[in-house]
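Q: Okay, here's the structure, questions in a sec.
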Amino acid sequence: MRSLVSLLLLAAALVMLTACCADEPAAAPSAGDAASAAPGDTVILSLSDLSGEISFIDVQSGDTPMQLLARIDETGAPRLAWNTCRVCAGSPLAYFDLDRGYLVCQNCGNSFSPDAVGGSGLGCYPWSFDDYTVSGEQIFISGETVSAMAGQFKNWKKGL
């Protein structure tokens, strides 16, 4: 009996780890209007819509809803990341919400300061990227960049 219980606990742990670390690609306020990107279309964000606080920006790639986390750092530079967790991607809960001033992964509960958005954090952090350009008061993200990331949002917030 004790072996059966141990085996069941081990199986449950493996299922939980698989959901959090799947190789399969995978409600906070939004800043400005939702952006839309079809392959080849460029997403354009206005720097004036961003501040030192985290903005949640909805983006659509085909029929896949996605979201960006964006802020301006202390030097005035934009910091962007996809609102899906590098480790938990694939889970419908692999996204971050603000809770008492910290971004918290809704799947595993890891939390960190919003100042880390756009940094090189590994592990359970938003998916940072620097494949964008800034010109004047606008940020340009290519449709190819958005489309390439859409697979990570395949199950994002589904069934919630």
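Q: Got a sec? Charge dipole of segment 49-160, +1 on Cβ for Lys and Arg, -1 for Asp and Glu; which of F96, P114, S142 is way out at the positive end?
A: Going by the Cα projections, it comes out as F96.
Q: Accessible area per residue of segment 71-160 at 1.4 Å probe, in Å²?
A: Per residue, segment 71-160 has 47 Å² of solvent-accessible surface.
Q: Which ³J(HN,Hα) values in Hz, rounded to whole numbers, follow from the phi angles of segment 88-100 under the Karplus curve 6.51 cos²θ - 1.76 cosθ + 1.60, where θ = phi - 60° and Gly and Pro get x?
A: 3J(HN,Hα) across segment 88-100, in whole Hz: 8, 3, x, 7, x, 9, 7, 8, 10, 10, 7, 9, 6.
Q: Amide H neighbours of G90 under 5 Å, at least 5 residues apart or on other chains, H built in the peptide plane: list them.
A: HN-HN under 5 Å from G90: A26, N155.
Q: Tell me, what ³J(HN,Hα) does each residue in segment 41-48 have, in order and in whole Hz, if you take phi through Karplus 6.51 cos²θ - 1.76 cosθ + 1.60 with θ = phi - 60° and put x for Gly and Pro?
A: Those phi angles translate into 7, 9, 8, 10, 10, 9, 4, 5 Hz.
Q: Within 10 Å, count the other beta carbons around each residue, average over each peptide in 65-75, 87-97, and list them highest first.
A: 87-97, 65-75
Q: Next question, about the same structure. Give me the Å³ per residue figure for the convex hull around the C-alpha atoms of segment 60-160.
A: It is 103 Å³ per residue.
Q: Could I ask something else about it? Please find the FRET efficiency linking D99 to K154, where r is the Cβ-Cβ separation and R0 is fixed at 22 Å, and quote it to the nearest 0.05.
A: 0.30
Q: Okay, next question. If you roll a 1.4 angstrom probe over the protein chains with everything in place, what fraction of the accessible area of segment 62-160 belongs to carbon and sulfur, to the nearest %?
A: That share works out to 49 percent.
Q: Given labels modelled 7 Å from the Cα in the Cβ direction, how far is it in nm from F129 to S113?
A: Placing both labels 7 Å beyond Cα along the Cβ direction yields 2.7 nm.
Q: If amide H atoms are built 1.01 Å from N in the plane of the peptide, which residues on other chains or at least 5 residues away come under 5 Å of the amide H of C85?
A: Amide H neighbours of C85, under 5 Å, 5+ apart: Y95.
Q: With only Lys, Arg, Asp and Glu charged, each at its Cβ (+1 for the first two, -1 for the last two), find how big the charge dipole of segment 36-90 is about the Cα centre; round to the nearest 20 debye.
A: 180 debye
The values are calculated or read from the model by the stated rules, or taken from the named source; none is laboratory data. This structure is a prediction, so every number in the text was calculated from the model and none was measured. Here the Cβ is made from the backbone with ideal geometry for all residues, glycine too, and neighbour counts use every protein chain on show. Note: accessible area is taken over every heavy atom of the protein model, side chains too, but ligands, DNA and RNA are not part of it. Shrake-Rupley method; radii C 1.70, N 1.55, O 1.52, S 1.80 Å.
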